[in-house]
Amino acid sequence: MKHHNLNFEKDVVFTSPDVDDLIKQKNYSDALVILLRNQKLDWDLLSKGFDSLQYIKTKTFQFEGFNIDVQFNPGRIKSTTADVSKSAIDNRECFLCFENIPQEQKGINYKDEYLILCNPYPIFFEHFTIVFRKHFPQRISESFHTFLKLSKRLGKYYSVLYNGPQCGASAPDHLHFQAVNKNSLKILNQMNFLIEEYAEKIIDQRKKVVFGINDWLRKIILIKSKDERFITNVFETLYSSFQKSTILQNEPMINMISLFDEKDGWQIYIFPRKAHRPKCFYEKGEKKLMISPAVIDFSGTLILPREKDFEKINKNDIRNIFNDVVVGKELFDYLKSHIRKTI
Ligand SMILES: [Zn+2]
């Protein structure tokens, strides 16, 4: 059942004395733990979604000094195959608008701007969607500040994720982020090694560091700093030089991870892309692999909603998938040199 004549506070905001206290202390992490526990009890679809995670199949491929997981997850089929063309979007009801969410679904209010909801089709054991209150396009240029703030407020347990409207967001017409437990993202645990082996320092000022990382699957700009203004400057520089070098009308294709801790501040991982989907997605018959990489795939867990793809995928397929969707060396070098010159 859906909501009619929605009353935001009454119908979709989750409250309890504990949660209200935690939010007052700006501890959204522990508020989300309580939300998830309650939603699993009150909302059947969600508890089924999380139960099914126990039976999910995973296998691991070893690359040069790091590894990539492949996850068979049938619950993700809608997201993987989402038609994000303008006509398809115009002709469907937006599933992130609150009048269209299931009546059992409730979320944590974030500053009266966003609602943090549990994702009923999870990839990890904690998986949230952070949804803007208004139906407004997925766009990072105007919401980067919020992206940083959210990752600070959720930083105790979670990292915040962003998928661009043309490279992974299944609702490109409604601004949203995701949050998952930091320990779920393999790349975060492998970061020290990736930096040692594959990184070039683009900027090295006191406590303001930017790396360009090329691990031969992914190309990554990594910003590490406590200084919000510095991070925003680097991001805006990257964004504008990337935008000028692509033909896309709206934003250039990027996926991002942000995490925060009190000691070292932020770490922002930016993955610049050249395509939404790899060639194998469009193949027919045996050659087809139904995969549509987004930020979680870039973090080191590839999602395959079809079991036959999971069974047959090999290391070479993984190399080709990334090669099809990641920017080329020339463009990556240009982006790095632009940041070096500008900052
Ligand atoms: Zn909407």
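Nothing in this text is a laboratory measurement; each read-out follows from the coordinates by a stated rule. None of these values were measured; they are calculated from a predicted model. Here the Cβ is made from the backbone with ideal geometry for all residues, glycine too, and neighbour counts use every protein chain on show.
Hey, A88 hits all of (1) farther than 21 Å from S292 by Cα; (2) assigned to a helix (DSSP H, G or I); (3) within 16 Å of the ligand (Cβ to nearest atom) but one; which does it fall short on?
Of (1) farther than 21 Å from S292 by Cα; (2) assigned to a helix (DSSP H, G or I); (3) within 16 Å of the ligand (Cβ to nearest atom), only one is false for A88: (1).
For segment 64-75: of the residues being surrounded by fewer than 20 Cβ atoms within 10 Å (Cβ to Cβ) and either under 27 Å from L96 (Cβ atoms) or of a type in the set (D, E) (or both), which is farthest from the chain's Cα centre (by Cα)?
By that ranking, first place goes to E64.
Within the group Q54, Q62, Q71, Q39, which residue is out of contact with any Asp or Glu (no Cβ under 9 Å at 6 or more places or on another chain), touching a residue at least 40 places away in the same chain (Cβ under 8 Å) and not aliphatic (A, V, I, L, M)?
Q71
Restricting the search to segment 108-138, which residues are more than 16 Å from the chain's Cα centre (by Cα), among the aromatic types (F, W, Y) and away from the ligand (no atom under 16 Å from the Cβ)?
Listed by number, the list holds a single entry, Y110.
Rundown of residues vs (1) surrounded by fewer than 22 Cβ atoms within 10 Å (Cβ to Cβ); (2) touching a Gly at 6+ places or on another chain (Cβ under 6 Å), yes/no style:
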{"site": "F193", "(1), (2)": "yes, yes"}
{"site": "E200", "(1), (2)": "yes, yes"}
{"site": "I203", "(1), (2)": "yes, no"}
{"site": "V210", "(1), (2)": "no, no"}
{"site": "I231", "(1), (2)": "no, no"}
{"site": "Y239", "(1), (2)": "yes, no"}
{"site": "S245", "(1), (2)": "yes, no"}
{"site": "I254", "(1), (2)": "no, yes"}
{"site": "E262", "(1), (2)": "yes, no"}
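With H145, H174 as the choices, which residue is within 16 Å of the ligand (Cβ to nearest atom) and either under 22 Å from A294 (Cα atoms) or in contact with a Cys (Cβ under 8 Å, 6 or more places away or on another chain) (or both)?
Exactly one residue qualifies, and that residue is H174.
What's the number of the condition Q103 fails, among (1) within 16 Å of the ligand (Cβ to nearest atom); (2) more than 21 Å from the chain's Cα centre (by Cα)?
Looking at each condition in turn, Q103 falls short on (1).
With the requirement that a residue be closer than 26 Å to A179 by Cα and of a type in the set (G, A, S), what does segment 241-265 give you?
Passing the criteria: S258, G265.
Would a scan of segment 115-126 turn up a residue that is part of a helix (DSSP H, G or I), over 25 Å from E228 (Cα atoms) and hydroxyl-bearing (S, T, Y)?
Looking for residues that are part of a helix (DSSP H, G or I), over 25 Å from E228 (Cα atoms) and hydroxyl-bearing (S, T, Y), one finds none in segment 115-126, hence no.
With respect to I291, is the statement that it is exposed (fewer than 15 other Cβ atoms within 10 Å of the Cβ) and part of a loop (DSSP other than H, G, I, E, B) true?
Considered against the rule, which asks whether it is exposed (fewer than 15 other Cβ atoms within 10 Å of the Cβ) and part of a loop (DSSP other than H, G, I, E, B), I291 comes out as no.
If I filter segment 230-253 for residues that are within 24 Å of F128 (Cα to Cα) and touching a strand residue (DSSP E or B) at 6+ places or on another chain (Cβ under 8 Å), do I get at least one hit?
Checked segment 230-253: at least one residue is within 24 Å of F128 (Cα to Cα) and touching a strand residue (DSSP E or B) at 6+ places or on another chain (Cβ under 8 Å).
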